[in-house]
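Below you'll find the structure, written out as structure tokens, and then a few comments.
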Amino acid sequence: MILRYLFGHPFDTEAVPNKPAVSDGPVPYLSVEKDGSSLSMTLSDDDVVYGLGETVRGMNKRGWIYVSYNTDEFLHMETTKSLYASQNFLLVTNGLRSLGIFVDCPGEVTFDIGYTKMDRLCIRPAKPDFELYLVTSAKMDPAAARRDVVHHFRRLIGKSYLPPLFAFGYGQSRWGYKSEDDVEEVADSYERMGVPLDAIYLDIDYMDHFKDFTVNEETFPDFPGFVSRMKDRGIHLVPIIDAGIRKEEGYCVYEEGKKNGYFVKDKDGKDFTAAVWPGEVCFPDVLSSRARQWFGSQYDVLLDAGIDGFWNDMNEPSIFYTPERLNQAIRNVAGYEGKDLDVNAFMRLRDEMGTLSNNREDYRNMFHDADGTKVCHDDVHNLFGFNMTRAAGEHFLKACGEGKVLLFSRSSYIGMHRYGGVWTGDNRTWWSHLKLSLQQQPALNMAGFLYSGSDMGGFMDDTTEDLMLRWLSASLFTPLYRNHAALGTRQKELYRFPHRSWFENLVQLRYALIPYIYAQFRKARDDDAMYFAPLSFFYGNDERVMQIEDQLMAGEDVMIAPVVEQNKTGRMVYLPEDMTLVRFRSFEDYDTVPLAKGDHYVSCALNEALVFIRKGHVLPLGVPAANTAELDLGNLTQIRG
Ligand code: GLC
């Protein structure tokens, strides 16, 4: 059952396309402050709180405070409160009941999940203008009830985005591939190595001076020709698109946006100016349907060049500085010259520059024209990435049809899942981030984001070969399978590591699993179900599974339990029922071991990957190919559980 309540004067986020009628009567399950300033409930000892999409910490969100306010946060620490996305759906569940809570609020919302009081969930929107949805299930079995609540919620928010098949192949990315030659070298090296490859990503380096919808003609002299040559080799080029449009006279995207009033305004009604990669930029007003259509149509220049995949970035939107704030800071800093600074003065000096980026005051000075209604950006901040991606997604549906264009975004809000997927942003080469990348998946799936993944091997800092191996192995079932790295970090294309054959075997195994991954992904999408789920969504009457944070169900037939710690050659695994362990060394070299329900220590060397098949279920296995277009989806063997 779904109940809907209104508080104050909510902005229509369009997260829910067909809204049910507003319920009359008091809100059940939650204590509500009359003015909507807080919603709270007592958590019993056995309550687990799942959800909140892409956030830090474990699958069970209890014990921390999270703030939905989309932020370009480069440190994903245990204590980080906000990341790039706001996916305000929670599932509070124990053996007796499951309650889904969706706080549809485009501005800041705080979720205090046992932080202030360990047994209390308290939700506080910064402004009490929002819609609240409560979802329950009549199913008696706790696992069925959990699945049912998510299913009803997902039906409410609409079908998830469907990517093309090549989106499930291996992708190589790096901030720093500057030219055709760089890209060709990557393609050649993978070909020589015998590792399948479906995509090479183009980071900001492909553009002319970081200008969206341009290509540097010196480094890519015949871009359409190059795109087509790569496609003939089965490789799709996937360029990045940033939120900001460079302010430059004569640059037609800027000129057109300015002339037609398509940019976000400041409080005086002038185009709001901020600085990001190219220096000064304006942001497309993606809350206006006219501007959204216009922005979407800009992708044509790349679609026409043969491109069929994009990643949308910096769309929180991220701001390095605004010219006014920068100039003021420079003046302030000058005032410190020659002074003897005590600790407080020194801190103030440091903050002059430290507070320039993503400054909340700047978001308060941005205004949208939401089809005739003037809205302060800060109140609808979390909708920017959603609507930038929606602009592209709506255009691709019209121009190319469904399932044709790969599209994913860094920032998001529920509703964006209908137009594209997400990647989890600038993680690090930390083992804890490998574990986090798995823990984020079920919460993203609940919120509709089935197509997602992390930067394998870690984005920031130098990676290590063992981390890279474990990450590729832990992500074998993850829809987005991309190796991406930050500028200046250790090069981590797989052919650069000594154990080449181990990497080759892993990526080939990924391709052998694609028939299963794709079929299960489609099923989850068509049925409004989860592709990755916590074990408690299948084994409801087993209290042990509520505690499990590092094992996942991947589709309906298998469980994964990857090694996510350094220097470990195995791990403990809990089996909630009898299962068959498949220990893969390659797609054709594997052992199967029947294991009984209960605890097991399983070894797993760096060149191995473990998959657990549920009793009575079957894992189909294909034969790898150079890319997904060459996969023979009909040629499958079956491993029985
Ligand atoms: C942002 C993105 C990252 C990208 C970089 C340069 O940090 O999150 O993936 O490589 O910008 O475009």
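Values computed for the structure shown
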item: Local net charge near S82, Cβ-Cβ under 11 Å (Lys/Arg +1, Asp/Glu -1); result: -4
item: Normalised per residue, the volume of the convex hull around the Cα set of the stretch 9-86 (Å³); result: 148
item: Cα convex hull of the stretch 375-457 - mean projected area over all directions, nm²; result: 6.4
item: Sorted peptide list for 31-38, 149-156, criterion being average Cβ within 10 angstrom, highest first; result: 149-156, 31-38
item: Cα Rg over Rh - the stretch 436-552, Kirkwood; result: 1.01
item: Spin-label model distance (nm) - A399 vs T569, 7 Å beyond Cα toward Cβ; result: 5.4
item: Karplus (6.51, -1.76, 1.60) ³J(HN,Hα), θ = phi - 60°, over the stretch 433-447, in Hz, Gly and Pro reported as x; result: 6, 5, 5, 4, 4, 7, 5, 6, 4, x, 5, 5, 4, 4, 7
item: By average C-beta atoms within 10 angstrom, highest first, the peptides 410-419, 40-49; result: 410-419, 40-49
item: Residue-span extension gain [D182 to V618] - 0.36 nm each, minus C-alpha spacing; result: 152.8 nm
item: Reach of K61 by Cα under 25 Å, taken over lysines that are not fewer than 8 positions away in the same chain; result: K81, K117, K127, K139, K435
item: Whole-number percent relative contact order across the stretch 1-71, with pairs defined as alpha carbons under 8 Å at least 6 apart; result: 20
item: Relative contact order %, the chain, counting alpha carbon pairs below 8 Å whose residues are six or more apart; result: 15
item: Where only C-alpha atoms are counted, convex hull volume of the stretch 101-243 per residue in Å³; result: 223
item: Extension gain (nm, one decimal) between T464 and K339, 0.36 nm per residue minus Cα-Cα; result: 40.5 nm
item: Relative contact order computed over the stretch 240-328 (Cα-Cα under 8 Å; 6+ residues apart), in percent; result: 37
item: Unit Cα scatterers, Debye sum, the stretch 8-158: log10 I(q)/I(0) for q = 0.16 Å⁻¹; result: -0.91
item: Peptide ranges 295-305, 54-64, 181-191 listed from the most packed, as the mean C-beta count within 10 angstrom indicates; result: 54-64, 295-305, 181-191
item: The stretch 345-395 - convex hull of alpha carbons, volume per residue in Å³; result: 87
item: Principal axis dimensions, largest first and in whole angstrom, of the chain by Cα; result: 70, 65, 58
item: Between the stretch 330-348 and the stretch 537-568, the Cα center-to-center distance that results, in Å; result: 53
item: Rg in Å to one decimal, and Dmax rounded to a whole Å, for the stretch 490-595 via C-alpha atoms; result: 16.0, 47
item: Percent of beta bridges antiparallel (DSSP, the chain, rounded to nearest 5); result: 75
item: Under Karplus coefficients 6.51, -1.76 and 1.60, residue-wise ³J(HN,Hα) of the stretch 491-501 in Hz, glycine/proline x; result: 5, 9, 4, 4, 6, 8, 9, x, 8, 4, 5
item: Karplus (6.51, -1.76, 1.60) ³J(HN,Hα), θ = phi - 60°, over the stretch 122-133, in Hz, Gly and Pro reported as x; result: 9, 10, 10, x, 4, 10, x, 10, 6, 10, 10, 10
item: Reachable lysines from K404, criterion Cα separation under 30 angstrom, eight or more residues apart if same chain; result: K19, K159, K178, K211, K231, K492, K523
item: Net +/- balance of residues flanking N607 in space, Cβ distance below 12 Å, scoring K and R +1, D and E -1; result: -1
item: FRET efficiency estimate (nearest 0.05) - Cβ-Cβ, E78 to M347, R0 35 angstrom; result: 0.90
item: Built amide H within the under 5 Å cut-off of V281, gap 5+; result: K247, A274, A275, V276
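Computed from the coordinates by the stated procedures, all read-outs in this text should not be read as laboratory data. All figures in this text were calculated on a predicted structure; none of them were measured in a lab. We place every Cβ from the backbone using ideal geometry, glycine too, and count neighbours over all the protein chains shown.
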